[in-house]
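Laboratory data are not the source of any read-out in this text; all were calculated from the coordinates shown. What you see is a predicted model, and the numbers here were worked out from it, not measured in a lab. Heads up, the Cβs are rebuilt from the backbone with ideal geometry, glycines too, and the neighbour counts pull from every protein chain shown.
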Amino acid sequence: MNIQIDWQAFTPISLVGGLLLGVATVILLLGIGRIAGISGIFSSLLKPKRVEAWQVLFIVGLVVSPVLYGLVKPLPAIEMSTSLPLLIGAGLLVGFGTRLGSGCTSGHGICGNARLSPRSMVATVTFMLFGMVTVYIGRHFLGLI
Amino acid sequence: MLKNMIGLLAGLLFGLGLLISGMTDPTKVQGFLDVFGAWDISLALVMGGGLIVAITGVQIARLQPTSWIGSSIEMPTTTVINKKLLIGAMLFGIGWGLVGICPGPGIVLLGAGQWQAYVFIPAMIVGMLIYQWFEPKLG
């Protein structure tokens, strides 16, 4: 197996986006003492008795961010060839999986790894690996993706 | 009030970070996960950049008695690596790979009016509700 890096698709600006994710995480941590785990914050909205206003506003911020981005430059064109059943299946897996595993790419991937939590490192390696295997099988064997 | 403003600001910045980085582009995400195809390594910069800032922030947070609003700084204390963590991360990874969307970008794509997000996010909510129903049975 040889690995070929697609330099044509490479976007160095991704680093700027990453730094911004870090800044948002740190503002939440130092500002109000809370962890920026999106699946955790979002799922708290599903527990009406326990939801806090800042959690609702954090999600509002995520939803409004494309509008703000659009003021400066046009939103990046997004092409997806995904079918409806695949979207539904993937949504169910992501919803159930992130709750069972207590986090996603933000909570484990950024916040947990930044704390050098072995638990988050294991979770991150696991979901990255299974994501890679899924794309490998789904794209190159099943032609699903 | 300040707490809510910080929540909103963090959400806005996080969303902008996801848009600028390319995390909201499912094709790019799947290109990153496609190690043995034409591998787009850009998204490695996202976690790298995020971690550099976040590691510094965590170190500062550990030296602070409280947050800016005076509340305690809450960091998860669970250290156990168990089946729940592994199976959860596994299922999440499969779902993420299938469509290239994880929770943050999915929510941002709602705001961008991307129709796929209007299917993905409701399905994700159902998945979370199934877990909530299932949770007491897991012990």
The range B:2-138, dipole about Cα centre (Lys/Arg Cβ +1, Asp/Glu Cβ -1), debye to the nearest 20: 340
Assuming 0.692 mPa s and 37 °C, estimate D for the protein assembly as shown with Stokes-Einstein, Rh taken as the Kirkwood radius over Cα pairs, in µm²/s. 177
Any idea how far apart A:Val72 and B:Thr56 come out in nm if each label point goes 7 Å out from Cα toward Cβ? 1.8
First select every other residue whose beta carbon is under 14 angstrom from the beta carbon of A:Ile59; then total the charges, Lys and Arg +1, Asp and Glu -1. +1
Which order do B:Ser21, B:Ser72, A:Ser117 fall in if you start with the one that has the fewest other Cβ atoms within 10 Å? B:Ser72, A:Ser117, B:Ser21
Would you mind pulling out the separation of the Cα centroids of the range B:44-66 and the range A:56-121, in Å? 19
Dipole magnitude (debye, nearest 20) for chain A, charges at Cβ of Lys, Arg, Asp, Glu: 500
Using eta = 1.567 mPa s and T = 4 °C, Stokes-Einstein with Kirkwood Rh from Cα pairs puts D for chain B, in µm² s⁻¹, at 73
Whole-Hz Karplus ³J(HN,Hα) for the range B:95-112, in order, using 6.51 cos²θ - 1.76 cosθ + 1.60 and θ = phi - 60°, x for Gly and Pro? x, 4, x, 4, 10, x, 10, 10, x, x, x, x, 5, 4, 5, 4, x, 7
Using Cα positions and a limit of under 26 Å, work out the lysines in reach of A:Lys73, with same-chain residues fewer than 8 apart set aside. B:Lys28
What the Cα atoms of chain A span along the principal axes, largest first and in whole Å, is 47, 38, 34
Hey, what did the range A:9-145 get for relative contact order, percent, Cα under 8 Å, at least 6 apart? 26
Under a straight-distance cross-link criterion of Cα-Cα below 28 Å, which lysines are reachable from B:Lys3, leaving out those fewer than 8 residues away in the same chain? A:Lys47, A:Lys49
If you stretched the chain out fully between B:Ile81 and B:Phe36, how much longer would it get, using 0.36 nm times the residue separation minus the C-alpha to C-alpha distance? 13.3 nm
Which part of the range B:46-73 falls in the paramagnetic zone of A:Leu116, meaning amide N under 20 Å from the point 7 Å along Cα-to-beta-carbon? B:47-65
